[in-house]
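Written out below as structure tokens is the structure these notes cover.
The values are calculated or read from the model by the stated rules, or taken from the named source; none is laboratory data. Only a predicted model underlies this, so the values are computations on that prediction, with no experimental measurement involved. Because the Cβ atoms are built from the backbone with ideal geometry, glycine has one as well, and the counts that use them run over all protein chains shown.
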Amino acid sequence: MKTWMCAMLMTMAVGASAQNPIISGQYSADPTARVFNGKVYLYPSHDIPSPIEKLKEWFCMADYHVFSSSNLTEWQDHGVIVSQDKVPWVQDGSYTMWAPDCVEKDGKYYFYFPAAPKGEEKGFGIGVAVADHPEGPFMPMWKPIEGVHGIDPCVLIDKDGQAYIYWAGAGLHMAKLKPNMTELASEPKQVEGLPEGFKEGPFAFERNGKYYFTFPWVREKDGTETLAYAMADHPMGPFTFKGIIMDESPTKCWTNHHSIVEYQGQWYLFYHHNDYSPKFDKNRSVRIDSLNFNPDGTIQKVIPTLR
Ligand code: FUB
């Protein structure tokens, strides 16, 4: 039996787990964790073994699930919230529902997700689906956000209510969002002050008046992704590079992708490795570890908990 099949059967029987990886019964990647209504909601990508030849060795994702937990141990799967065949602008059968984000503004939940748009041979757009509750039902907009070409959206809402969107295209980009959360309010700007090397998966957050811009970073030729960060006094920088949050994956998963959230007084790093699919790193699984800050606001390195 293939490795992934064994892993799926085993974890389906086990159900929710207190150990890493935290989601069982399906592959999960690119986890964005958000605290809504006193619970942690987890919006990951959903890796599947590809049903089409073209993607047999690549990422393959047809939909998104959302999970919630109040103790970070037992996770409830609320089921599919958005799927490729229900989004009017997404290319049929493209399996490109990559890393998402979800934020709340004025009682509405905005789910941001990248996918391949209809009529385009290459490239990604970023769309929005809107709901009244964090678990949906989410209603996708008719078209992707104009002016945004790329993957891995992250949205930060500042204390004054201004929302910013960050994404990965050719480089990492950022722009202001209009109050409707679905249109840009400023021209996209490249994020500067970051080191050389491949970067994607931006995640921005605020703590004690400092803005953290965190991102997967390949620091060495032929290396895999580390997680790294920069800091600023404003959501759009200028950012100063600070260092590494997590080293390359011990399981040799080429990608890592993360989010950072405070819950009940403790900060956590959500990220992924390929624990359930050691031989194929495009079938990943979400993990959590505690994350701590130094008194000057810099981040202490996180060592992945193996189990
Ligand atoms: O999950 C597909 C892609 O892999 C994501 O968009 C990247 O951040 C990487 O995790």
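Every test in (1) farther than 26 Å from Ile165 by Cα; (2) touching a residue at least 12 places away in the same chain (Cβ under 8 Å); (3) out of contact with any helix residue (DSSP H, G or I) (no Cβ under 6 Å at 6 or more places or on another chain) is passed by Arg284 save one, and that test is (1). If the condition is being in contact (Cβ under 8 Å) with a residue 40 or more places away in the chain and part of a loop (DSSP other than H, G, I, E, B), then the range 188-201 contributes Pro188, Val191, Glu192, Gly193, Leu194, Pro195, Glu200, Gly201.
The criterion of being in a strand (DSSP E or B), in contact (Cβ under 8 Å) with a residue 60 or more places away in the chain and touching a His at 6+ places or on another chain (Cβ under 6 Å) does not hold for Asp77.
Screening the candidates Phe198, Phe241, Phe203, Phe215 for the property of being within 16 Å of the ligand (Cβ to nearest atom), hydrophobic (A, V, I, L, M, F, W, C) and surrounded by fewer than 20 Cβ atoms within 10 Å (Cβ to Cβ) yields one hit, Phe198.
Of the candidates His234, His258, the single residue that is of a type outside the set (Lys, Arg), within 15 Å of the ligand (Cβ to nearest atom) and closer than 25 Å to Tyr164 by Cα is His258.
Residues in the range 67-120 that are within 16 Å of the ligand (Cβ to nearest atom) and under 22 Å from Val35 (Cβ atoms): Val82, Ala99, Pro100, Asp101, Cys102, Phe111, Tyr112, Phe113. Within the range 99-112, residues that are farther than 20 Å from Gly169 by Cβ reach partners that are of a type in the set (S, T, N, Q) and crowded, with 22+ Cβ neighbours inside 10 Å with beta carbons closer than 9 Å, at six or more positions or on different chains, in the pairs Cys102/Thr32. How many residues does the range 269-284 contain that are crowded, with 19+ Cβ neighbours inside 10 Å and either β-branched (Val, Ile, Thr) or away from the ligand (no atom under 13 Å from the Cβ) (or both)? Number satisfying all stated conditions: 4.
Condition check ((1) surrounded by fewer than 21 Cβ atoms within 10 Å (Cβ to Cβ); (2) at pLDDT below 95; (3) of a type in the set (A, V, I, L, M)) across all residues:
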{"position": "Thr3", "(1), (2), (3)": "yes, yes, no"}
{"position": "Met12", "(1), (2), (3)": "yes, yes, yes"}
{"position": "Val35", "(1), (2), (3)": "yes, no, yes"}
{"position": "Ile48", "(1), (2), (3)": "yes, no, yes"}
{"position": "Glu53", "(1), (2), (3)": "yes, no, no"}
{"position": "Val66", "(1), (2), (3)": "no, no, yes"}
{"position": "Asp77", "(1), (2), (3)": "yes, no, no"}
{"position": "Trp98", "(1), (2), (3)": "no, no, no"}
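The set of residues in the range 113-123 being surrounded by fewer than 24 Cβ atoms within 10 Å (Cβ to Cβ) and either more than 25 Å from Met174 (Cα to Cα) or in contact (Cβ under 8 Å) with a residue 12 or more places away in the chain (or both) consists of Ala116, Pro117, Lys118, Gly119, Glu120, Gly123. Annotation: of all residues in the range 145-156 being assigned to a loop (DSSP other than H, G, I, E, B) and in contact with a Pro (Cβ under 9 Å, 6 or more places away or on another chain), the one that is nearest to the ligand (Cβ to nearest atom) is Gly150.
For the range 79-96, the candidate set comprises residues that are surrounded by fewer than 20 Cβ atoms within 10 Å (Cβ to Cβ) and at positive phi; within that set, the residue that is modelled with the lowest pLDDT is Gly93. Here Lys176, Lys159 are screened, and the one residue that is part of a strand (DSSP E or B) and either more than 16 Å from the ligand (Cβ to nearest atom) or touching a residue at least 60 places away in the same chain (Cβ under 8 Å) (or both) is Lys176. Scoring Tyr164 on the criteria (1) under 24 Å from Phe36 (Cα atoms); (2) touching a Phe, Trp or Tyr at 6+ places or on another chain (Cβ under 9 Å); (3) crowded, with 17+ Cβ neighbours inside 10 Å leaves a single failure, condition (2).
Within the range 96-105, is there a residue that is touching a Cys at 6+ places or on another chain (Cβ under 8 Å) and assigned to a strand (DSSP E or B)? Yes, the range 96-105 contains at least one residue that is touching a Cys at 6+ places or on another chain (Cβ under 8 Å) and assigned to a strand (DSSP E or B).
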